[in-house]
Amino acid sequence: MEQILFQFFNLDIMIQAWPIMLRGFGMTLLLCIVVIPSGLLGGLVVALASTSEKRWIRWPVAVLVDIFRAIPPLALLIMISAGLPFAGIRLSPFTAVCLSFLLNNSAYYGEIYRAGIESIGTGQDEAARSTGLTGFQSMVYVILPQAVRNVLPDLVSNTIEVVKLTSLASVVAFAELLYSADMARSVTYNASPIVMAACFYLVLLWPAVRLASRLERKLST
Amino acid sequence: MSQRLPILTIDNLHLRYGDVDALRGITLEAGTGEMTFLIGPSGSGKSSLLRCCNRLETPTSGKIYVDGEDITQRYINLNRVRRGIGMVFQSFNLYPHMSAKGNVMLALRKVLGKSRAEAEAIALKQLERVGLSDRAGHYPNQLSGGQQQRVAIARSLALEPKIMLFDEPTSALDPELVGEVLKVMRQLKDDGMTMVVVSHEMRFAKAASDHVVFMAEGQIVEAGPPAQIFDEPVAERTRTFLQEAYH
């Protein structure tokens, strides 16, 4: 028992690791602030393109979405950060993470928006168009507000996944939360920093998880 | 009867979906201020014809002139054309995320570029016209079917269209709510609005319309003033249909 406490819940070690953990947590937040909005925005573009009436827009986007949904995000990240230098393109770890997340997230968020858009009956668009709104205006003012509302729980769920996936950045030596925790662990030979990291993730995500299930219940009633 | 300046002229219109001929040579005229009623069995092409008139459908061949302009031209700004042609749908199609007032204001703001205050004033005026000034802040799910349809009418009217198209405006309503919508339509006619109506409300057609067109299988079987079509139909097809419709 004492051994477990010493190895996993060692207060001395935790206090020692606190500054580096806090910085790691800050970096994780920074990643989230860049990666979530860019994914939401990229996903919107993907959704608009994949519901376009023009086949030459729809088609290539569908192929790209399939590709980026099929490639594991870790494989994509390593391809970008370790593969691209062979083509003479050298990106900082931060940029590499942001780029790979943009590609991956746009595909996933895009599919969620698309499901939302397709859940809105054609009558709404016809009503909007019959008053002279352009297709784009109808999408922005009539279709999207309803579509987003319908898939809000899915958007929140996916965002939770994205936050968790930011831990992949540790693989390319970006000093976010998990990377910092692992550093602290290897220096102190103690697992307490890892437990700390888990606690940080919990504090960050627990409210989001609650929000997601509340939204789901609210929408199903 | 009103002056017969044709504001709407349909000339030999054909519409084909795949290998289905929805419309097979429709020729029709409607004068300013007239109410034209399209009747006929389901699948006869009435709604398709109506939807061609604001280009929700693109006809395969033939011409439609609205106020002298050919709206079947290939390169035409449909958004501008549709501004002048109101449409009311069977299922209302109100925007559920906007209040009654918001529904009416949207096109005023985004299509006509009116200021918020201006759009709001027009919306309230139009809602009053359909008897709903006290419901301006209500959302569609807080309104009865008849009220929703009246908001939809106000939404179209707000753009001051030259023609109003009604696609089975009362078919989705409970019987006791039909009257309030028909009353608004009647009042529009008295205000001089040109209307083309697809509906099964035969009594209303008889009382209010200037022109009744009986369609079957994508063609006009018989057309004329209501007294002629309802009381002395010439075609056998029309007689059979009316007998069944009155049951």
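If the chain linking A:Cys199 and A:Ala82 were pulled fully straight, counting 0.36 nm for each residue of separation and taking away their Cα-Cα distance, it would gain 39.0 nm. The simple Förster model, with R0 at 56 Å and r as the Cβ-Cβ distance, assigns A:Thr188 and A:Trp56 a FRET efficiency of 0.45. Normalised per residue, the accessible area of region A:2-220 is 53 Å², obtained with a 1.4 Å probe and no contribution from ligands, DNA or RNA.
Computed from protein heavy atoms with a 1.4 Å probe, the total accessible area buried between A and B is close to 1600 Å². Extension gain, A:Ile15 to A:Val63: 0.36 nm times the residue separation minus the Cα-Cα distance gives 12.3 nm. I'd like the distance between the alpha-carbon centres of region A:119-167 and region B:67-124, rounded to an integer number of Å. Region A:119-167 and region B:67-124 have Cα centres spaced 21 Å from each other. In chain B, Cα pairs under 8 Å separated by at least six residues give a relative contact order of 26 percent. Using a cutoff of 8 angstrom between alpha carbon atoms and counting only pairs six or more residues apart, the relative contact order for chain A works out to 31 percent.
Taking all protein chains in place and a 1.4 Å probe, what share, in percent, of the accessible surface of chain A do carbon and sulfur account for? C and S atoms contribute 70 percent here.
Just check region B:46-181 against the gyration tensor rule for me: Cα atoms, a ≥ b ≥ c as the square roots of the eigenvalues, rounded for a/c under 1.5, and otherwise prolate or oblate depending on whether a/b exceeds b/c.
Oblate, since a/c reaches 1.5 and b/c is not below a/b.
Please find the FRET efficiency linking A:Glu216 to A:Leu44, where r is the Cβ-Cβ separation and R0 is fixed at 22 Å, and quote it to the nearest 0.05. Efficiency at R0 = 22 Å is approximately 0.50. With the convex hull of its Cα atoms as the shape, region B:92-160 has an orientation-averaged projected area of 3.9 nm². DSSP assigns beta bridges within the protein assembly as shown; of those with both partners inside it, close to 55 percent run antiparallel. Computed from the C-beta positions of A:Ala70 and B:Leu78, the FRET efficiency with R₀ = 41 Å rounds to 0.55.
The values are calculated or read from the model by the stated rules, or taken from the named source; none is laboratory data. What you see is a predicted model, and the numbers here were worked out from it, not measured in a lab. Cβ: placed from backbone, ideal geometry, glycine included. Neighbour counts: every protein chain shown. These accessible areas exclude ligands, DNA and RNA; they are computed on the full protein's heavy atoms, side chains included. Shrake-Rupley method; radii C 1.70, N 1.55, O 1.52, S 1.80 Å.
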